[in-house]
There are 2 protein chains.
Amino acid sequence: MLIRVDHSSDEPLFAQVAASVRAGAAAGRIRPGDRLPSARDVAAALDVNLHTVLRAYQDLRDEGLVTMRRGRGAVLTDAASHLQQIHRDVLDLVDRARVLGLSTDTLASIVKEISDDR
Amino acid sequence: MLIRVDHSSDEPLFAQVAASVRAGAAAGRIRPGDRLPSARDVAAALDVNLHTVLRAYQDLRDEGLVTMRRGRGAVLTDAASHLQQIHRDVLDLVDRARVLGLSTDTLASIVKEISDDR
DNA sequence: CAAACTGTTTGGGTAGTTATATAACAGTTG
DNA sequence: CAACTGTTATATAACTACCCAAACAGTTTG
């Protein structure tokens with residue numbers, strides 16, 4: 001199953017769904033052109049609400065990772081193919097930060113800070 | 001003034017305060033051993049609540065960027081000296097992601113995802 | 001020591017987020 | 001057309017984020 005959630009986690013369900021898809025793309029388990037399982041199927045399989053899954057899909061659409069059209073579903077864009085490379089780069093950066101004694105939280109805030117400036 | 005906030009921004013005030021300090025450290029305007037202005041002074045100058053400033057300082061402490069003790073104030077740690085380097089690395093990463101057509105939001109989620117795994 | 005600083009603790013109010021449920025709507029596919 | 005897809009609209013409950021207020025307790029300084 002591509003998408004998994006942990007109901008006991010404090011991480012929001014919709015965020016877990018989105019993270020599953022990103023991880024799948026980063027690992028090459030899903031590729032550009034592939035269709036994600038329908039929101040209704042995911043909702044039924046994971047025992048979460050339809051809107052919770054759609055919220056995750058819409059976030060991925062806002063990030064440019066998927067396109068969505070009714071009747072057709074959510075399809076991975078070409079941008080998803082670059083996730084593997086960037087994923088490796090981020091892992092490197094996290095390691096470098098760690099060596100310098102900076103926490104991943106610090107790193108995350110810096111990224112967010114820079115992101116917000118643009 | 002090292003610390004600035006925009007009351008009309010949708011960014012939380014405490015996050016703006018913390019971001020100001022990080023930016024100051026990244027730019028070398030403040031260095032390890034320097035004391036941040038007292039939370040009460042900042043609160044009065046920016047017209048925000050004392051706790052809003054302290055919330056920001058505590059976040060920075062949780063990130064390992066400052067140490068705090070009552071009576072003494074918040075003091076920058078050595079970790080702050082590495083912010084400049086990492087800041088440059090993050091800027092590079094953001095540019096690389098941009099070239100690949102990935103939004104900074106996507107990047108931020110990946111960093112968060114990796115951070116959460118550890 | 002005492003006054004004047006510093007962060008800490010406890011408490012509470014408001015607004016926004018998260019997740020749910022139900023229902024109807026509107027393109028797309030077979 | 002029938003069976004799928006996401007979209008939109010409402011409503012509700014629980015929870016969290018954010019901000020503020022007053023009293024508290026170390027530290028420094030005169």
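When you go through B:LEU36, B:LEU60 one by one, which is the residue that is hydrophobic (A, V, I, L, M, F, W, C), out of contact with any helix residue (DSSP H, G or I) (no Cβ under 6 Å at 6 or more places or on another chain), within 11 Å of DNA strand C (Cβ to nearest atom) and farther than 30 Å from A:THR77 by Cα? Lay out the reasoning, then the answer.
Values: B:LEU60 fails: out of contact with any helix residue (DSSP H, G or I) (no Cβ under 6 Å at 6 or more places or on another chain).
Going through B:LEU36, B:LEU60 in turn, the sole match is B:LEU36.
Check region B:19-27 and report whether any residue there is touching a residue at least 60 places away in the same chain (Cβ under 8 Å), facing chain A (nearest Cβ under 10 Å), buried (at least 19 other Cβ atoms within 10 Å of the Cβ) and more than 10 Å from DNA strand D (Cβ to nearest atom).
Yes, there is a match, as at least one residue in region B:19-27 is touching a residue at least 60 places away in the same chain (Cβ under 8 Å), facing chain A (nearest Cβ under 10 Å), buried (at least 19 other Cβ atoms within 10 Å of the Cβ) and more than 10 Å from DNA strand D (Cβ to nearest atom).
If only one of B:ALA43, B:ALA19, B:ALA74, B:ALA97 is more than 21 Å from A:THR106 (Cα to Cα) and touching a Ser or Thr at 6+ places or on another chain (Cβ under 8 Å), which one is it?
B:ALA43
Return the total of residues in region A:63-76 being in contact with a helix residue (DSSP H, G or I) (Cβ under 9 Å, 6 or more places away or on another chain) and either touching a residue at least 24 places away in the same chain (Cβ under 8 Å) or near DNA strand D (Cβ under 6 Å from one of its atoms) (or both).
Number of matching residues: 6.
On the given criteria, is B:SER115 within 14 Å of the chain's Cα centre (by Cα) and assigned to a helix (DSSP H, G or I)?
It is false that B:SER115 is within 14 Å of the chain's Cα centre (by Cα) and assigned to a helix (DSSP H, G or I).
Which is surrounded by fewer than 18 Cβ atoms within 10 Å (Cβ to Cβ), within 14 Å of chain B (Cβ to nearest Cβ) and of a type in the set (Gly, Ala, Ser), of A:GLY33, A:GLY73, A:GLY101?
A:GLY101
Scan region B:3-12 and give yes if some residue there is in contact (Cβ under 8 Å) with a residue 12 or more places away in the chain, exposed (fewer than 14 other Cβ atoms within 10 Å of the Cβ) and more than 13 Å from every other protein chain (Cβ to nearest Cβ), otherwise no.
Checked region B:3-12: at least one residue is in contact (Cβ under 8 Å) with a residue 12 or more places away in the chain, exposed (fewer than 14 other Cβ atoms within 10 Å of the Cβ) and more than 13 Å from every other protein chain (Cβ to nearest Cβ).
Pick out the one residue from B:ASP59, B:ASP95, B:ASP78 that is over 19 Å from the mean Cα position of the chain (by Cα), more than 7 Å from chain A (Cβ to nearest Cβ) and acidic (Asp, Glu).
Values: B:ASP59 fails: over 19 Å from the mean Cα position of the chain (by Cα); B:ASP78 fails: over 19 Å from the mean Cα position of the chain (by Cα).
Just a single option satisfies the conditions, and that option is B:ASP95.
A:VAL53 versus (1) farther than 18 Å from B:LYS112 by Cα; (2) more than 16 Å from DNA strand C (Cβ to nearest atom): which is the lone unmet condition?
Only one criterion in (1) farther than 18 Å from B:LYS112 by Cα; (2) more than 16 Å from DNA strand C (Cβ to nearest atom) is unmet by A:VAL53, namely (2).
All of the numbers you see were taken from the coordinates with simple rules; none came from a lab. Everything numeric here is computed off the predicted structure, so don't read it as measured data. Cβ atoms come from the backbone with ideal geometry, glycine included; neighbour counts cover every protein chain shown.
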